[in-house]
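Comments concern the structure below.
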Amino acid sequence: MHQLPDTDPGETEEWLDSLDAVVEVQGKTRARYLLSRLLERARASQVSFPATVSSPYINSISSEYEPWFPGDEHLERRIRAYIRWNAAVMVVRANTKAEGIGGHLSTFASSASLYEIGFNHFFRGKDGGSPGDHVYFQGHAAPGVYARAFLERRLNEDDLDSFRREIGRGGRGLSSYPHPRLMPEFWEFPTVSMGLGPLTALYQARFNRYLLNRKLDDTSASRVWAFIGDGECDEPETLGSISLAAREHLDNLVFVVNCNLQRLDGPVRGNGKIIQELEATFRGAGWNVIKVIWGSKWDELLARDTSGVLLNKMNTTVDGEFQRYTVEDGNYIRENFFGPDPRLREMVSHLSDEDLQNLPRGGHDYRKLYAAYRAAIENAGSGRPTAILCKTIKGWTLGDDIEGRNATHQIKKMTSAQLRTLRDRLHLNEEISDEDLEADDPPYYRPPIDSVEYQYMIERRRALGGVMPRRTTTVRKPIVLPGDAVFTEFENGSGDQSVSTTMGFTRLLRNLARDESFGERVVPIIPDEARTFGMDSLFRELKIYASQGQKYEPVDHDMLLKYAEASDGQILEEGITEAGSLASFIAAGTSYATRGVPMVPFYTFYSMFGFQRVGDLIWQAADARARGFLLGATAGRTTLHGEGLQHQDGHSLVLASTVPACRAYDPAFAFEVATIVREGIKEMYGDAPNDVFFYLTLYNENYPMPEMPKIADISRQIMQGLYLWRPAPEAKHKTTILFSGSAHSAASAAAKELFERYSVGCELWSATSYKALREQAIEVERYNRLHPEQQERRPIVTELLDGGKGPIVAVSDFMRIVPEQIARFVPSRSFTPLGTDGMGRSDTRTALRRHFEIDAPHVVVAVLHELAKAGEIKFEAVTEAIQRHGIDPEVGFSLNQ
Ligand SMILES: Cc1ncc(C[n+]2csc(CCOP(=O)(O)OP(=O)(O)O)c2C)c(N)n1
Ligand SMILES: [Mg+2]
């Protein structure tokens with residue numbers, strides 16, 4: 001402030017003196033009040049002032065501003081009690097039947113009202129073919145969602161009794177958490193890995209805008225709701241992208257944070273206040289924040305708080321203390337919360353200890369919650385996303401042993417005495433008798449179809465567009481697959497021109513985007529790496545998606561490859577966030593289901609920063625049944641040179657091999673890339689679609705791309721994972737070399753030397769996917785084992801290689817374990833993998849390939865050594881080759897460095 005001009009120092013002094021006087025005479029609370037009023041007035045008079053990020057520890061919406069509650073509170077409370085009861089009972093029964101099967105009681109106990117307000121008044125369903133709202137349920141609140149579906153007759157008792165038993169009953173058990181992979185007609189969004197739900201919800205809201213702005217789908221009626229734990233907010237993914245939501249004006253997005261002040265081990269912020277901290281964080285990022293802290297019974301006390309002492313006590317009490325009040329009796333609260341200050345004690349003198357204990361938190365109060373959700377809805381048009389911070393009690397009404405206890409998160413069992421207490425607290429005495437509770441299994445309860453409760457809840461859902469959650473794959477806007485012309489140029493090779501598979505892919509992507517019908521469905525996603533992959537050439541043609549268009553003339557406006565942004569741009573240029581990019585991949589890759597509009601994401605990234613960096617999100621993509629293409633560019637531990645160990649990827653294919661729904665390919669040539677993309681599109685978007693996604697490595701080494709071999713079913717062979725690229729010339733000895741990706745040049749050079757110098761005729765095979773070969777072989781192996789008297793089948797890889805002659809050497813720019821995946825399926829031949837185990841180094845490709853022992857001389861040595869072991873040549877010949885190529889056996893090799 002010292003640097004700003006003071007045009008009237010006298011006047012300034014008067015204002016400051018007044019403030020000093022207020023602080024001195026009436027205290028800080030009053031001073032704070034006056035300042036807040038001044039800010040409010042300033043805002044009303046359009047005097048812009050940086051937003052304050054904190055407000056007092058009270059509800060954002062005061063009681064006089066609460067809207068009329070349109071529901072029947074009594075009925076809704078009854079319905080919620082049934083749901084609460086069944087949710088608890090299903091966990092208890094599951095753990096009686098199978099000790100340790102797990103499940104959670106206390107999370108949903110704290111959040112039942114948060115969901116029920118949504119179900120009864122806000123969440124829009126999919127009736128009539130509309131996509132409705134997108135709701136991300138907190139993963140371990142799943143029992144509550146099942147319990148509601150049970151009341152609605154979507155699930156029966158047998159279903160509830162199969163909670164967490166996903167194997168029996170033909171795999172129709174209820175999954176532990178929201179898993180579309182396991183319950184594809186129920187769950188839409190997988191959430192339970194903390195932090196991924198909020199992140200993917202945010203990008204879903206952003207993707208909805210992308211679809212709208214590109215005029216592909218009218219998403220304006222769909223809202224995205226994400227239910228999040230307060231402990232979950234510690235995950236970097238939860239809060240890491242919230243500024244994007246404000247920047248993109250995502251007022252279609254609502255985060256509901258269940259602030260029960262506890263996580264798994266104990267308090268989230270024992271010494272602080274998580275709600276205040278989150279308020280500041282969200283507000284600072286430009287969000288609309290609505291706090292729901294106190295239930296209605298506090299309104300009267302707050303109205304009488306003329307001196308501000310109650311407010312002060314609320315502001316200064318830390319969460320650890322608030323948690324303590326939930327487990328103590330009313331007298332303790334009187335003594336410790338209200339007690340020390342005589343004015344506060346007086347304020348509650350008319351209330352009994354029981355009254356004090358029952359002063360509820362806002363997150364259990366329907367009217368407060370309704371007001372907050374309503375405000376969030378009415379916020380549409382403001383451009384600001386909303387975070388509703390609801391204060392609740394973890395394990396609410398589950399009884400003294402569970403409610404608010406530090407161990408509450410993991411309690412899965414209840415004694416019959418505890419169940420009786422719960423029944424009493426939920427006022428279910430008529431529905432559940434004492435006798436019922438004596439039985440081995442506590443009973444479920446659901447109101448009959450002609451009950452008012454059932455009719456009410458069904459009517460509410462009908463009015464809101466049908467039951468939820470529900471996943472459908474009904475296509476609203478069919479996709480037309482690309483024409484063959486898109487792919488044919490790659491069959492011809494590049495002639496003398498040296499290009500990389502990355503360049504080939506970029507050209508293919510452009511062709512796909514240009515395809516008349518299919519083109520608009522292509523979603524290129526790049527995290528600030530387009531220039532690295534030569535994809536900046538797409539900027540001008542496809543344009544970068546920017547919801548606000550381009551408000552400036554770019555520095556390179558007069559160049560051919562200018563930086564072009566547009567509100568209907570096609571490229572999602574995400575900036576430096578692999579997590580955000582993958583969240584976009586998931587939103588686009590599941591659009592066939594969430595929106596009924598199949599979209600085809602091509603997410604190209606620095607291959608090191610894919611599976612390794614955001615592996616959990618890739619796993620989530622598999623759970624979400626996402627379709628599309630992941631492209632690990634700059635792949636290979638030696639092909640990407642000069643970058644060093646944090647950049648050089650020699651293991652993404654190992655990690656890819658762990659993801660069941662991922663088809664992983666390591667192509668060497670542009671025609672292979674084109675074939676895999678063409679066949680992949682057919683598999684994922686054709687007549688009988690499979691919910692898988694593809695991972696392709698792309699290299700940045702330039703070499704002339706060969707023509708596609710003229711073999712009848714070459715496409716099928718490429719897709720199966722292995723094909724004969726070049727047969728062996730007639731020669732005295734025989735060997736087989738398998739290559740993948742950029743290692744094909746070492747393999748070819750080795751084959752030449754082996755033939756010319758040693759009369760070894762070498763078959764060269766392109767191994768496009770060891771993962772595909774291994775999976776097929778395992779299936780065959782299993783078939784044979786379980787059909788012992790049937791005609792034995794042979795895996796493809798055995799069929800192709802086992803009958804051949806001489807040793808097999810497999811070389812790639814990845815770790816040895818990648819080709820080793822198939823070694824045992826070729827039992828009659830020696831199998832030697834060469835690969836890039838160990839950490840990367842910065843150097844030239846030549847030096848790196850020597851270091852990792854995958855260059856042509858090392859391939860030659862490996863073949864010769866195997867031939868020597870088989871007695872075909874002398875060991876001296878191997879030594880000669882080692883020396884002639886200047887290989888020093890004592891230098892440079894370590895698997896751990
Ligand atoms: C990435 C990840 N780490 C750990 C867990 C295990 N976990 C499940 S729930 C939970 C505590 C959740 O606390 P909070 O977010 O506050 O939710 P609440 O149950 O209190 O509503 C933890 C640590 C997980 N599911 N995901
Ligand atoms: Mg919590």
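Here are some notes:
- Residue ID - farthest from Gln570 (Cα to Cα), chosen from residues in region 216-231 that are within 16 Å of ligand 2 (Cβ to nearest atom) and of a type in the set (A, V, I, L, M): Ile228
- Checking the stated criteria, Val318 turns out not to satisfy the condition of being surrounded by 15 or more Cβ atoms within 10 Å (Cβ to Cβ), within 25 Å of Ala112 (Cβ to Cβ) and modelled with pLDDT of 95 or more.
- Candidates Leu264, Leu250 - the one that is at pLDDT 95 or above, open to solvent by less than 10 Å² (accessible area, probe 1.4 Å) and part of a loop (DSSP other than H, G, I, E, B): Leu250
- Yes/no for Lys273 being touching a Pro at 6+ places or on another chain (Cβ under 9 Å) and of a type outside the set (Ser, Thr, Tyr): no
- If you check Ala674, Ala635, Ala664 for being farther than 20 Å from Ser584 by Cβ and assigned to a strand (DSSP E or B), only one passes: Ala664.
- Meets criteria (touching a strand residue (DSSP E or B) at 6+ places or on another chain (Cβ under 8 Å) and buried (at least 20 other Cβ atoms within 10 Å of the Cβ)) for Gly118: yes
- Here Arg165 meets the list (1) crowded, with 17+ Cβ neighbours inside 10 Å; (2) at pLDDT 95 or above almost entirely, failing just condition (2).
- Checking the stated criteria, Asn379 turns out not to satisfy the condition of being within 42 Å of the chain's Cα centre (by Cα), more than 30 Å from Arg247 (Cα to Cα) and at pLDDT below 95.
- Test: residue in region 599-610 that is aromatic (Phe, Trp, Tyr) and more than 26 Å from Asp515 (Cβ to Cβ): yes
- Cβ-Cβ distances below 8 Å connect the following pairs, each with a first residue in region 557-581 that is in contact (Cβ under 8 Å) with a residue 60 or more places away in the chain and under 15 Å from Arg206 (Cα atoms), a second residue that is open to solvent by 70 Å² or more (accessible area, probe 1.4 Å) and outside any loop (DSSP other than H, G, I, E, B), and a separation of six or more residues or different chains: Gln570/Glu520; Ala579/Arg613.
- For region 252-266, filtered to residues that are more than 10 Å from ligand 2 (Cβ to nearest atom) and more than 21 Å from the chain's Cα centre (by Cα), the residue that is farthest from Cys390 (Cα to Cα) is Asp265.
- Candidate set: region 813-844, residues that are surrounded by 18 or more Cβ atoms within 10 Å (Cβ to Cβ) and not in a loop (DSSP other than H, G, I, E, B); chosen: the one nearest to the chain's Cα centre (by Cα): Val818
- Test: residue in region 557-567 that is open to solvent by less than 20 Å² (accessible area, probe 1.4 Å) and in contact with a helix residue (DSSP H, G or I) (Cβ under 7 Å, 6 or more places away or on another chain): yes
- Within region 267-289, being assigned to a strand (DSSP E or B) and either within 16 Å of ligand 2 (Cβ to nearest atom) or open to solvent by less than 10 Å² (accessible area, probe 1.4 Å) (or both) holds for Pro267, Val289.
- For region 785-803, the criterion of being of a type in the set (Val, Ile, Thr), within 18 Å of Tyr699 (Cα to Cα) and out of contact with any Gly (no Cβ under 7 Å at 6 or more places or on another chain) is met by no residue.
- Candidate set: region 192-215, residues that are assigned to a loop (DSSP other than H, G, I, E, B) and open to solvent by 10 Å² or more (accessible area, probe 1.4 Å); chosen: the one nearest to ligand 2 (Cβ to nearest atom): Met194
- Of all the numbered requirements in (1) part of a helix (DSSP H, G or I); (2) within 16 Å of ligand 2 (Cβ to nearest atom); (3) open to solvent by less than 10 Å² (accessible area, probe 1.4 Å), Leu389 misses one, and that requirement is (1).
- Residue match in region 866-886 (condition: assigned to a loop (DSSP other than H, G, I, E, B) and aromatic (Phe, Trp, Tyr)): no
- Pairs are defined by a Cβ separation below 7 Å, a sequence spacing of at least 6 or placement on different chains, a first member in region 186-204 that is within 12 Å of Glu235 (Cβ to Cβ), and a second member that is within 16 Å of ligand 2 (Cβ to nearest atom) and among the charged types (D, E, K, R); the pairs so defined are Met194/Glu232; Met194/Glu235; Gly195/Glu232; Gly195/Glu235.
- Restricting region 640-661 to residues that are among the β-branched types (Val, Ile, Thr) and in a loop (DSSP other than H, G, I, E, B), the residue that is farthest from the chain's Cα centre (by Cα): Thr658
- Residue match in region 236-247 (condition: surrounded by fewer than 21 Cβ atoms within 10 Å (Cβ to Cβ), modelled with pLDDT of 95 or more and within 12 Å of ligand 1 (Cβ to nearest atom)): yes
- The criterion of at least 1 residues that are among the hydrophobic types (A, V, I, L, M, F, W, C), more than 43 Å from the chain's Cα centre (by Cα) and surrounded by 15 or more Cβ atoms within 10 Å (Cβ to Cβ) is met by the following helices (runs of 4 or more DSSP H) wholly inside region 1-104: 9-26, 28-44.
The values are calculated or read from the model by the stated rules, or taken from the named source; none is laboratory data. On a predicted model such as this, the values are computed, not experimentally measured, just so you know. Counting neighbours? That spans all protein chains shown, and the Cβs are built from the backbone with ideal geometry, glycine included. Ligands, DNA and RNA are excluded from the accessible area calculation, which covers all protein heavy atoms including side chains. Shrake-Rupley method; radii C 1.70, N 1.55, O 1.52, S 1.80 Å.
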